[in-house]
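Here the structure comes first, spelled out in structure tokens, and everything after it is commentary.
The values are calculated or read from the model by the stated rules, or taken from the named source; none is laboratory data. All values reported here derive from a predicted model rather than from experimental measurement. Neighbour counts run over all protein chains shown; Cβ positions are idealised from the backbone, glycine included.
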Amino acid sequence: MKSNQKILAYPYVVWLVIFIVVPLILVLYFSLSFRDGGLTLENYRRFMTPIYGKVLYRSLKLAFISTVFCLILGYPMAMIIARADISKRNLMVLLFVLPMWMNFLLRTYAWMTLLGKNGVINNVLGYFNLPTLNLLYNNGAVILGMIYNFIPFMVLPIYSVLAKMDKTLIEAAKDLGANEITVFRKVTFPLSLPGVITGITMVFMPAVSTFVIPKLLGGGQFMLIGNLVEQQFTYVYDWNFGSAISIIMMIFILIAMAITTKYEDPAEESGGLW
Amino acid sequence: MSQNIIDLKNITKIFDDETLVLDNINLYIRKNEFLTLLGPSGCGKTTTLRIIGGFEYPTEGDVFFEGKRINDLPPYKRQINTVFQKYALFPHMNIFENIAFGLRIKKMPEKEIKIKVEEMLQLVGLQNFAKRSVESLSGGQQQRVAIARALVNEPEVLLLDEPLGALDLKLRKGMQIELKKIQQEVGITFVYVTHDQEEALTMSDTIAVMNEGKIQQIGTPEDIYNEPKTAFIADFIGESNIVKGIMIRDYLVEFANRTFECVDKDFGENTEVEVVVRPEDIEITSAETGMLKGEVITSTFKGVHYEMIVKENGRHWMIHSTDMAPVGSYIGMNIGPDLIHIMEKGA
Ligand SMILES: Nc1ncnc2c1ncn2[C@@H]1O[C@H](COP(=O)(O)OP(=O)(O)OP(=O)(O)O)[C@@H](O)[C@H]1O
Ligand SMILES: [Mg+2]
């Protein structure tokens, strides 16, 4: 029985090695070597300059802001879906997932035509003789793009936790004197934390590393770390430096994940957190 | 009017516009009364409790609390607490925090909370469990935490939905006595739901027997036993043999003109009691060796067992057994000490 199960796991192990472990080792190797071979920390040292630090800081800041907005907007959406009748629920989830089936680039271009100088919004404003706005090519547009593209990754895990939640727990809390707000604060939200943490991770990771959104909606006027990596690989052909930046980015994502998962299981140390 | 703490007036509940679950329920619950809703599964007991607790809105009819209509009052504003059928303990809090939940909402000082919660833990026999997580407890222990969590708030009315269902017999007996004691000492009105007629009989002041969304009879346990109003009640309640007896001293009871060992105590000496023996708890033996002797007057095959009526000194005993004794034969009947149930007379 046991050995059978082990054999069944082999294809997965092979898959893991080929597609995850090997590339990771390659990236690590590149990051630690000169272009023409020989080990070095030079690539990392190069990153430790104020210019690159600023890029990293800006990336983390924008990803953080987007994640917070995704949470603030996504949580109520997840709640609305989870509270709908079962018949309506599937339709609502489908509506959420449907845009994700469309090409990522296409969706982002769509925002450009909406926000552009001669875009839909400014046309409407112009029609009412209102001053046109600079909506594109700024931080706001990038954050908007990130929220739009990544919010399903926040809504779906929270929704699935909320939908599975035992409704009698909410009734029990009300029975003991908790009004709607207290119920949310003391029962619903703490119990949905696993979903929230999955959501945060799944939004924060692509938001830190995206290069398409800042390029299109930010107009490439300022760089995010994803653009930097892309640039090193596709224009500068400095794979070694590009790999080093990737590794640094990965470390920051891991740190962010470690911080969030630290709060994952309040059941263990009850009363401490909530 | 105002000595009733809860009045249900013409309550009807229809789910999804088609399922009639409660059909014109009228029920008056007096202050400090121990009222039991007794009835088969699916008859609407939980739904009735949920309407009193505010978790369901009656399709028709009104709910009154101390004379005031409370149909539109949300659960958290009602001075009512519930012990839920499925415990509904908060999995993200330890046992202490679960019990303290209601007190925390009332903003009781931390010191007082600690004292009260520990009192409650003591009461339900879980002194050393304060720091334990919910999932590390057995079903019976969780059930006792659920009772403690509701009781600690000292509500005017406590709703209990089969609160002892997960406990073994011994623990259940103990908790029955404990709950009854609390109810009398603290003076809380109990609305208690159970399947178990024996539990209903030993604990209640009043029993409301329900069937198919209707209340069939409301009365004291004796009323319900001795004068069942409907065939349904006679059938539902009458499954036990009930005879008068005298508790001679602890663990010794006299009935049917002889003494029996039993497991009950604390009734005093030479006290009149009612003795309940379930039909399936009577063992058939030969006429010579039986504790009681009698003649089999009917014998019916019921699928899994035989149902026999045995006449003994003018008393009729119902026996359920997989062994069949033919009609007209004389048999002996043995009853084990733990199968003899003693009830206070007029409980
Ligand atoms: N939300 C609901 N929607 C539809 N039908 C319901 C709902 N809640 C209960 N019912 C139905 O109402 C009837 C009575 O249910 P209820 O839970 O009150 O029974 P009960 O007497 O408590 O039974 P048990 O002893 O098994 O707990 C059942 O037939 C049940 O299927
Ligand atoms: Mg029920």
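With respect to A:Lys186, is the statement that it is surrounded by 21 or more Cβ atoms within 10 Å (Cβ to Cβ), within 14 Å of chain B (Cβ to nearest Cβ) and touching a Pro at 6+ places or on another chain (Cβ under 8 Å) true?
no
Residues in segment B:62-89 that are of a type in the set (Asp, Glu) and either buried (at least 21 other Cβ atoms within 10 Å of the Cβ) or in contact (Cβ under 8 Å) with a residue 12 or more places away in the chain (or both): how many?
2
Can you tell me how many residues in segment B:155-179 are within 16 Å of ligand 1 (Cβ to nearest atom) and more than 11 Å from the chain's Cα centre (by Cα)?
Summing the residues that are within 16 Å of ligand 1 (Cβ to nearest atom) and more than 11 Å from the chain's Cα centre (by Cα) in segment B:155-179 gives 2.
Any idea how many residues of segment A:133-170 are in contact with a Gly (Cβ under 8 Å, 6 or more places away or on another chain) and free of Cβ contacts under 8 Å to residues at least 40 places away in the same chain?
Residues that pass the stated criteria total 3.
Of the numbered conditions (1) within 16 Å of ligand 2 (Cβ to nearest atom); (2) part of a loop (DSSP other than H, G, I, E, B); (3) more than 11 Å from chain A (Cβ to nearest Cβ), B:Tyr87 fails exactly one; give the number of that condition.
(3)
Residue-by-condition table, conditions (1) within 16 Å of ligand 2 (Cβ to nearest atom); (2) basic (Lys, Arg); (3) at negative phi:
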residue: B:Ile14; (1), (2), (3): no, no, yes
residue: B:Val21; (1), (2), (3): yes, no, yes
residue: B:Ile29; (1), (2), (3): no, no, yes
residue: B:Asn32; (1), (2), (3): no, no, no
residue: B:Leu38; (1), (2), (3): yes, no, yes
residue: B:Lys45; (1), (2), (3): yes, yes, yes
residue: B:Asp72; (1), (2), (3): no, no, yes
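Of all strands (runs of 3 or more DSSP E) completely enclosed by segment B:244-298, which ones contain at least 1 residues that are under 14 Å from B:Met343 (Cα atoms)?
Strands (runs of 3 or more DSSP E) meeting the threshold: B:252-255, B:271-277.
Could you check segment A:1-118 for helices (runs of 4 or more DSSP H) lying wholly inside it with 3 or more residues that are among the small types (Gly, Ala, Ser) and at pLDDT 90 or above?
Output list reads A:50-83.
Can you pull out the residues in segment B:121-130 that are touching a helix residue (DSSP H, G or I) at 6+ places or on another chain (Cβ under 8 Å) and either in a helix (DSSP H, G or I) or within 13 Å of chain A (Cβ to nearest Cβ) (or both)?
B:Leu121, B:Leu123, B:Gln127, B:Phe129, B:Ala130
If you go through segment B:3-57 one residue at a time, how many are near ligand 1 (Cβ under 7 Å from one of its atoms), touching a residue at least 12 places away in the same chain (Cβ under 8 Å) and within 14 Å of chain A (Cβ to nearest Cβ)?
Going through segment B:3-57 one residue at a time, the tally reaches 2.
Would a scan of segment B:201-218 turn up a residue that is at positive phi, outside the structural domain of B:Cys43 (by TED's automatic domain parsing) and out of contact with any His (no Cβ under 7 Å at 6 or more places or on another chain)?
The answer is no; no qualifying residue exists.
With the requirement that a residue be within 11 Å of chain A (Cβ to nearest Cβ) and out of contact with any helix residue (DSSP H, G or I) (no Cβ under 8 Å at 6 or more places or on another chain), what does segment B:60-84 give you?
Those that are within 11 Å of chain A (Cβ to nearest Cβ) and out of contact with any helix residue (DSSP H, G or I) (no Cβ under 8 Å at 6 or more places or on another chain): B:Lys77, B:Gln79.
Being farther than 22 Å from B:Thr36 by Cα, out of contact with any His (no Cβ under 9 Å at 6 or more places or on another chain) and surrounded by fewer than 17 Cβ atoms within 10 Å (Cβ to Cβ) is true for just one of B:Glu154, B:Glu118, B:Glu185. Which residue is that?
One residue alone meets the criteria, B:Glu118.
Could you please give the count of residues in segment B:131-167 that are touching a residue at least 40 places away in the same chain (Cβ under 8 Å), within 9 Å of chain A (Cβ to nearest Cβ) and not polar (S, T, N, Q)?
Number satisfying all stated conditions: 6.
Condition first: surrounded by fewer than 17 Cβ atoms within 10 Å (Cβ to Cβ), touching a helix residue (DSSP H, G or I) at 6+ places or on another chain (Cβ under 7 Å) and assigned to a loop (DSSP other than H, G, I, E, B). Can you find one or more residues in segment B:90-97 that meet it?
yes
Among the residues of segment A:191-244, how many are more than 21 Å from A:Tyr137 (Cα to Cα) and assigned to a helix (DSSP H, G or I)?
24
Restricting to segment B:77-88, what's the tally of residues that are out of contact with any Leu (no Cβ under 8 Å at 6 or more places or on another chain) and more than 16 Å from ligand 1 (Cβ to nearest atom)?
Within segment B:77-88, residues that are out of contact with any Leu (no Cβ under 8 Å at 6 or more places or on another chain) and more than 16 Å from ligand 1 (Cβ to nearest atom) number 3.
Checking the condition at negative phi and in contact with a Gly (Cβ under 7 Å, 6 or more places away or on another chain), which residue from B:Val124, B:Val145, B:Val152 passes?
The conditions single out B:Val152.
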